[in-house]
Amino acid sequence: MADLASVSPLNNIPQDIQIHRSRIFALETPVQMTLAVFDKYWPYMDNVWCTQQYNKLSEANSQYRVEKRYGVCRLYRQWKLGEAPEGSRRRRRETATCKARFRITTYADGMKVIERIGPPHSHDLEHVDQMKRNTAVRNIVLSDFFTGWEANAILAYLKDTTQLPGGRDMMREAGGRHISRQEVSNIKVGALKKAYPGQDISEVRKQMDKYKNLHVCSWKGCEVPPFETLRELLDHRKEMHGNLTHDHSHKHYICPEKTCWRHKKSKGFPTFEGLNDHLRKHHGSAVTPEQAAALGLYKSGGDGPMPDLNPQADPTTPAMSTPRSDGPSPQLKQDLRTLSNNNANGTSAANPASNGIQILPESQRASMTQRLAALEQQRARLDQEIESLRHALHSPVAAQCHNGAGYTSPYVPAPTVDYEIPGRY
């Protein structure tokens, strides 16, 4: 897939545009160009030079004579300023401030020579770029690259200097430094006027906005009229096309961690191998087929039995292909905890594949660790009491009391203490 920057319209700007614009603006010496070069660079200068006179040659004399065009600077123009209405603050720029003139001579072989025939400009190039944008800059806004873009988004993209290598501001070099959001919008409106000649642009935009917000049913063969809201479209699909839910029948396994986004049926895995890869990557553990069956990670369909998940069978191809809508039952979770305790006590030694496998999430492991610490403390207290009783029973003083010597043992039985055994997690 092509990079977005590689198809940017800014790439169409010549790399040496700033040099050529400076030369054609000043015209200190005549500039000679071929027809192809002239067509390439002149659109970047038509906001400065304006042609006025043009002597077109006849076909009979075109092979022996040259063609000449005369023009002036844009600020050479003169017009009469009308009186502003009372209370108006309308301002217009001063006219006839530059006397620069030029001539374009076209020879029979297509070669063009641009030369100045009057005094130089009384201003710089930046001053003209601020008042008028050239044709090339306006065509960049109208390129197919910006189809569907809003005016503010187009302006932000054109002013982003990170779009081109080296961070060059090609829009400024091409004469588009002073382009504004309103001007971008006006350029778009001008293109609409050309596309719909003789039509009211406001009415055209109303029609565009009207149909832009409608929702059409994409069901094949459905010919109902468009809906004004998305809710109406969804209700139509449910009623007429039975489009109630998405089909997740190919996702047979879910993650056992309740807080994991893969715990949902719609986000499950189609294969047992995919489930184990997810557990190793995100939860640091994996499960065997027997443990998956005990936990209820497999979603069977209907009222049928659980599939045969044995190590010899293919773990990536479940025996049934229809998922069950309900989740793991409490009894299955309880069986898994029993299985985990047996693994901790060494009863899983017969199954080498399950040794050293952590099948519980971190949250349940923390509660198990706390319960184990409480049981160890309780066992230490019980061992101490047993040792005291054993010492009292087998000491010589206890033997004399047993023979009827009338000796009272100094041992005082420890009071009975009801230890609270933490409940199962």
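Comparing the stretch 93-136 with the 2.2 N^0.38 Å rule of thumb, its C-alpha radius of gyration ratio is 1.48 (two decimals). Note that the stretch 268-274 has calculated 3J(HN,Hα) couplings of x, 10, x, 10, 5, 5, x Hz, one per residue in order, obtained from phi through the Karplus relation 6.51 cos²θ - 1.76 cosθ + 1.60 (θ = phi - 60°); glycine and proline are x. Here the Karplus curve 6.51 cos²θ - 1.76 cosθ + 1.60, taken at θ = phi - 60°, turns the phi angles of the stretch 34-45 into couplings of 7, 5, 5, 5, 5, 5, 7, 9, 5, x, 8, 10 Hz, with x standing for Gly and Pro. For Met368 and His215, a Förster radius of 45 Å and the Cβ-Cβ distance give a FRET efficiency of 0.30, rounded to the nearest 0.05.
Whole-Hz Karplus values for the stretch 9-18 come out as x, 5, 5, 7, 6, x, 5, 9, 5, 5 Hz, taken residue by residue from phi with 6.51 cos²θ - 1.76 cosθ + 1.60 and θ = phi - 60°; glycine and proline positions read x. Between Arg172 and Ile201, the C-beta separation translates, for a Förster distance of 41 Å, into a calculated FRET efficiency of about 0.85. Temperature 4 °C, viscosity 1.567 mPa s: under these conditions the Stokes-Einstein estimate for the stretch 137-238, based on its Kirkwood radius over C-alpha pairs, is 77 µm² per second. Checking the cross-link pairs Lys132/Lys194; Lys132/Lys193; Lys212/Lys265; Lys220/Lys264; Lys159/Lys188; Lys258/Lys281 against a 25 Å limit on the alpha carbon distance flags Lys212/Lys265; Lys220/Lys264 as lying beyond it.
Values in this text are rule-based calculations from the coordinates and carry no lab data. Since we're looking at a predicted model, the values are computed, not measured. Positions of Cβ are backbone-derived with ideal geometry, glycine not excepted, and every protein chain shown enters the neighbour counts.
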